[in-house]
Amino acid sequence: MRTLEHFPNLVTMFFTRAREKGDAPFLWAKREGAWTAIGWAEAARQVASLATALKALGLAAGDRVVLVSENRPEWCIADLAIMAAGCVTVPTYTTNTVRDHQHILDNSEARAVIVSSDKLARTLMPAVLRSQASIVIGFEDLRVGQSSSVAFHRFDRLVSGEADVAAVAAAATFQRDDLACIIYTSGTGGAPRGVCQHHGAILHNVAGCALIIEEDFGWGDEVFLSFLPLSHAYEHSGGQHLPIGLGAQIYYSEGLEKLAANIEEVGPTIMVVVPRLFEVLRQRVVKAIEKQGGLAPRLLKRALSLGAKDLATGKIPFWDKPMDLLIERTLRPKIRQRFGGRMKALVAGGAPLNPDIGTFFHSLGLTLLQGYGQTEAAPVISCNRPKAGIKMDTVGPPLDKVEVRIADDGEIMVRGELVMHGYWRNEAETRRVLQDGWLLTGDIGHLDANGRIVITDRKKDLIVNDKGDNVAPQKVEGMLTLQPEIFQAMIYGDRKPYVVALLVPDPEWSKDFAQANGLPADPALLREHPPFRAALMAAVDRVNQDLSVIEKVRRIAIADAAFAIENEQLTPSLKIRRHIVKQVYGARLDALYRA
């Protein structure tokens, strides 16, 4: 059995793998329409050169360096070089506003900034010029005009210098308890907090995830397709440092519009994604099968039935074997090919996954594992495992060497090396969430008979109606968004007599409905028409059939626009920022109780 070594820090892990892999391909990106690779040895040379240059520019051990970039090979090289120089990486989202950047720069007291492009520099530089940062490094030319307070440098010049790779690797003497990065949580409310992730926390995650891959799938020549923002702890650990630990190749996706094509081209063996992406992919698969017509839709229906039986009992009844064999020879190979043909596992994290979505992909021959984590835990706490029996209503057993216990009020608590040492310069919040070595996750749940974690909801997101009954909003919202008519949903009803919902209609369905019923295509006009509202309520009523009395959605309002990062109604990790949505639509939702 192949096990991951016990490394003292992330930099040593990288240089160790680079020595082993030599000129083998490591980081892939599309250049002028073709995939091109940077090899391990070349990546190590660039990391060493940049680390040497950062020290020459005056950066000292412990200095914070903000990193703002889309996913690309330079992101990985910059991150490793910052750490190799003894500094601390502060990744930030490309969607950040000037105000967001200002908060992070001021709070972290970063001395330097690395930014990918002139476009991203436009929102970053106004904050930089009002901060203590004095060094800006661009992956590309930055047209930012004159500035006497900031020194500008080109990334390509800094990584082209001479450097002694062995000497830089040997100088990485920091230990597992030393700070590696500060990741600011996107936050569904309030200003982002800086989570202090030490080297050991991320290495603990890497070792625990590598063990699952080895024991459940076999550790081979792994290929990852990086899609989620690397500024998110999930992608940073699972999509960058885990592949490094495995000696894997990393391909950088061209974005959501080209993701499906990239998956087919690259043929990844492992992908880490958020549940919302699975919902989008599910809709595309269903539409493609329905469009194909003939036997395909009926095979899909039977496949879903067989998949549900398999997950419920661990096997398919013998009388269903002929149908399962037919589906295995006709429908499933086509679906697997759309996912590159060699996918071992799709791993969902970052938000709750609706069990029906998991059943859908399992039924079509793809292994979908739901994980659970928090930035404060580096971030993976648990993950479903095929050998332990996948149950889609759980997030699996804890990773190796992770302790989990349930508090008296149902809150999930976690202990182990993966737990952060605290929030950056925020002792009050640190004391609130870290107690006697335990991380208070703020999630409510329990352990099932097999030790798998079952999450019922966020502690602070629970809706408590006027009778004192608790309603878990994410469960109901997940069921609503499975309906073809509904793109997004937020339920509402704290201290109210019943639950109502704010809906974002699915744009394609809305367009088709308007055309079929002779109604205006303009969404602002369409939502005022009673037949349109009645069709949405009919979709809600289908969900209500499977809900308890206190969970049923009694009335609906229609949102003016989709929840999005740009209007601040979604976090960069695609969670609903409930307090923002309530500010915008609170009066309209309250009016539903007077109608």
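Every number in this text was worked out from the coordinates using simple rules, so none of it is lab data. Remember, it's a predicted structure, so these values are computed and weren't measured experimentally. We place every Cβ from the backbone using ideal geometry, glycine too, and count neighbours over all the protein chains shown.
By the equivalent-ellipsoid construction on the alpha carbon gyration tensor, the chain comes out with semi-axes of 40, 29, 25 Å, ordered largest to smallest. The packing ranking of peptides 30-42, 267-279, highest mean first, is 267-279, 30-42, where packing means the average number of other beta carbon atoms within 10 angstrom of each residue.
Taking a ≥ b ≥ c as the square roots of the eigenvalues of the Cα gyration tensor of the stretch 274-458, is the shape rounded (a/c under 1.5), prolate (a/b larger than b/c) or oblate? It is prolate, given that a/c is not under 1.5 and a/b is the larger ratio.
Counted by Cβ distance under 13 Å from Ala591, the other residues give a net charge of +3, where Lys and Arg count +1 and Asp and Glu count -1.
With the Cα gyration tensor of the stretch 489-568 giving a ≥ b ≥ c as the square roots of its eigenvalues, does the rule (a/c under 1.5 for rounded; else a/b larger than b/c for prolate; else oblate) give rounded, prolate or oblate? Judged from the Cα gyration tensor, the stretch 489-568 comes out oblate (a/c at least 1.5, b/c at or above a/b). With R₀ set to 41 Å, the beta-carbon distance separating Leu462 from Gln515 gives a calculated FRET efficiency near 0.50. Of interest is the spacing of the C-alpha centroids, which for the stretch 1-65 and the stretch 400-433 amounts to 31 Å. Of the peptides 301-312, 368-379, 430-441, the order by per-residue mean of other Cβ atoms within 10 Å, starting with the highest, comes out as 368-379, 301-312, 430-441.
Residues in the stretch 97-107 carry Karplus couplings, in order, of 7, 4, 4, 4, 4, 4, 4, 5, 4, 5, 5 Hz; the curve used is 6.51 cos²θ - 1.76 cosθ + 1.60 with θ = phi - 60°, and Gly or Pro positions show x.
Would you tally the net charge around Ser160, using a Cβ to Cβ cut-off of less than 12 Å, leaving Ser160 out, and scoring K and R as +1, D and E as -1? Net charge in that neighbourhood comes out at 0. If you plug the beta carbon distance of Asp221 and Glu109 into 1/(1 + (r/R0)^6) with R0 = 41 Å, you get a FRET efficiency near 0.45. Taking amide H positions as modeled 1.01 Å from N, with prolines and chain starts lacking one, the residues under 5 Å from His421 and 5 or more places away or on another chain are Cys196, His198.
Which percent, to the nearest 5, of DSSP beta bridges fully inside the chain are antiparallel? Here the antiparallel bridges make up roughly 50 percent for the chain. Backbone geometry of the stretch 524-541 corresponds, through the Karplus equation with coefficients 6.51, -1.76 and 1.60 at θ = phi - 60°, to 3J(HN,Hα) couplings of 5, 7, 4, 5, 7, 8, x, x, 5, 5, 5, 5, 5, 5, 5, 5, 4, 5 Hz, x marking Gly and Pro. Comparing Cα centroids, the stretch 96-135 and the stretch 526-565 end up 41 angstrom apart.
The residue list Asn465, Asn262, Tyr93 was ranked by how far each Cα lies along the charge dipole of the chain toward its positive end, using unit charges on Cβ atoms, and Asn465 comes out on top.
Its Cα centre serving as origin, the stretch 516-592 has a Cβ charge dipole (Lys and Arg +1, Asp and Glu -1) of approximately 240 debye.
Using the Cα gyration tensor of the stretch 1-107, with a ≥ b ≥ c the square roots of its eigenvalues, what is the shape: rounded (a/c below 1.5), prolate (a/b larger than b/c) or oblate (neither)? Oblate is the answer for the stretch 1-107, as a/c is 1.5 or above yet b/c matches or exceeds a/b.
Dipole of the stretch 483-595 computed with +1 at Lys/Arg Cβ and -1 at Asp/Glu Cβ about the Cα centre; of Asn517, Leu592, Ala489, farthest Cα towards the positive end is Leu592.
Listed from fewest to most Cβ neighbours within 10 Å, the set Phe152, Phe174 follows the order Phe152, Phe174.
Dividing the summed helix terms, -39500 (n - 2.57) for each DSSP H run of n ≥ 4, by the number of residues in the chain produces a 222 nm estimate of -11500 deg cm²/dmol to the nearest 500.
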